[in-house]
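See below for the structure under consideration.
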Amino acid sequence: MRGDSYRLREKQLAWGSVFRDEKGAVLNVAGHIDSQSVKTTDSGGVRGFDAGKKIKGRKRHILTDTLGLVVGLVVHGADIQDRDGAVEVLNSVRHRYPWLRHVFADGGYGGEKLKGRLRKIGRWTLQIIKRSDHAQGFEVLPRRWVVERTFAWLGRCRRLAKDVERTIASAEAWILVANLRLLTRRLARYCYPS
């Protein structure tokens, strides 16, 4: 019996270490926000048209921490602008993750209107990471690759390649299940090093 409780305690400490450094301080005070437009099937439910990407379907807004784990998520029709989706995501996480203060975003989230709305709902600071004017083709942007990597990780789940869900709640649930898989895999690597 003593061995089981020891292993349980060891796993609990490992779980806490996923989000903390050696001294016990919380690792993540910054987040990364981005959206992804995906096509939907004819099963019904909410959908819209993203004019920028020419996709008829839904838009997934995610907020990740600095490790790339999803901490906030909103799914809605693709016709919602990024700035409006950002307010929904950040409003949903402001009480659960009070230590998140700074948010990195791409150019789609720019503008004083969004910054004013974020000041009303919380103490967020928004930093827009833009491409240089001289860039041609693909360019890795500092701090922006974290959220793009998360979308790539989620893209490995076949169920998320196309949104086949009828309801928004089930679409969000499958994204959270995929994130849970990533989190448990990371935790297993920590608990059982090879």
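By definition, a body whose alpha carbon gyration tensor gives a ≥ b ≥ c is oblate when a/c is 1.5 or more and a/b is not larger than b/c, and segment 69-126 fits this oblate description.
The dipole here belongs to segment 32-114: it is taken about the Cα centre, uses +1 on the Cβ of Lys and Arg and -1 on the Cβ of Asp and Glu, and is about 160 debye. Counting only DSSP beta bridges with both residues in segment 60-194, the antiparallel share comes to about 55 percent. Working ranking of peptides 119-129, 94-104, 56-66, 74-84 by packing, defined as the average number of other Cβ atoms within 10 Å per residue, highest first, is 56-66, 74-84, 94-104, 119-129.
The alpha-carbon positions of segment 81-164 define a convex hull whose volume is 137 Å³ per residue.
Dividing the summed helix terms, -39500 (n - 2.57) for each DSSP H run of n ≥ 4, by the number of residues in the chain produces a 222 nm estimate of -12000 deg cm²/dmol to the nearest 500. Can you find, among GLY52, ALA161, VAL177, the residue sitting farthest towards the positive end of the charge dipole of the chain, where Lys and Arg contribute +1 and Asp and Glu -1 at Cβ? The one lying farthest along the dipole's positive direction is VAL177.
If the only charges are +1 at each Lys and Arg Cβ and -1 at each Asp and Glu Cβ, what is the size of the charge dipole of the chain around the Cα centre, to the nearest 20 debye? Let's see the in-between values first.
On the way: 38 positive and 20 negative charges, 63 e Å.
Computed charge dipole of the chain: roughly 300 debye.
How much length is gained on full extension from GLU172 to LYS115, taking 0.36 nm per residue of separation minus their Cα-Cα distance?
On the way: separation 57, 0.36 × 57 = 20.52 nm, distance 2.59 nm.
Taking GLU172 through LYS115 to full extension adds about 17.9 nm, to one decimal.
Dividing the convex hull volume of the alpha-carbon atoms in segment 115-156 by its residue count gives 114 Å³ per residue.
Computed over the chain, the P(r) curve from all C-alpha pair distances, binned at 10 Å from the origin, holds 8, 31, 34, 19, 6, 1, 0 percent per bin. Backbone geometry of segment 58-69 corresponds, through the Karplus equation with coefficients 6.51, -1.76 and 1.60 at θ = phi - 60°, to 3J(HN,Hα) couplings of 10, 10, 9, 9, 10, 10, 10, 7, 6, 8, x, 8 Hz, x marking Gly and Pro.
Summarising the amide proton neighbourhood of VAL71: residues at separation of 5 or more, or on other chains, whose placed amide H is nearer than 5 Å comprise LEU63, THR64, ASP65. Assuming charge only on the beta carbon of Lys and Arg (+1) and of Asp and Glu (-1), the dipole of segment 115-194 about its Cα centre is about 260 debye to the nearest 20. Helix 112-121 and the long axis of the chain differ in direction by around 40°, with both axes built from C-alpha atoms.
The numbers here are math on the coordinates, done by the rules we state, and not lab data. Computed from a predicted structure; not experimentally measured. Glycine also receives a Cβ, built like all others from the backbone with ideal geometry; neighbour counts cover every protein chain displayed.
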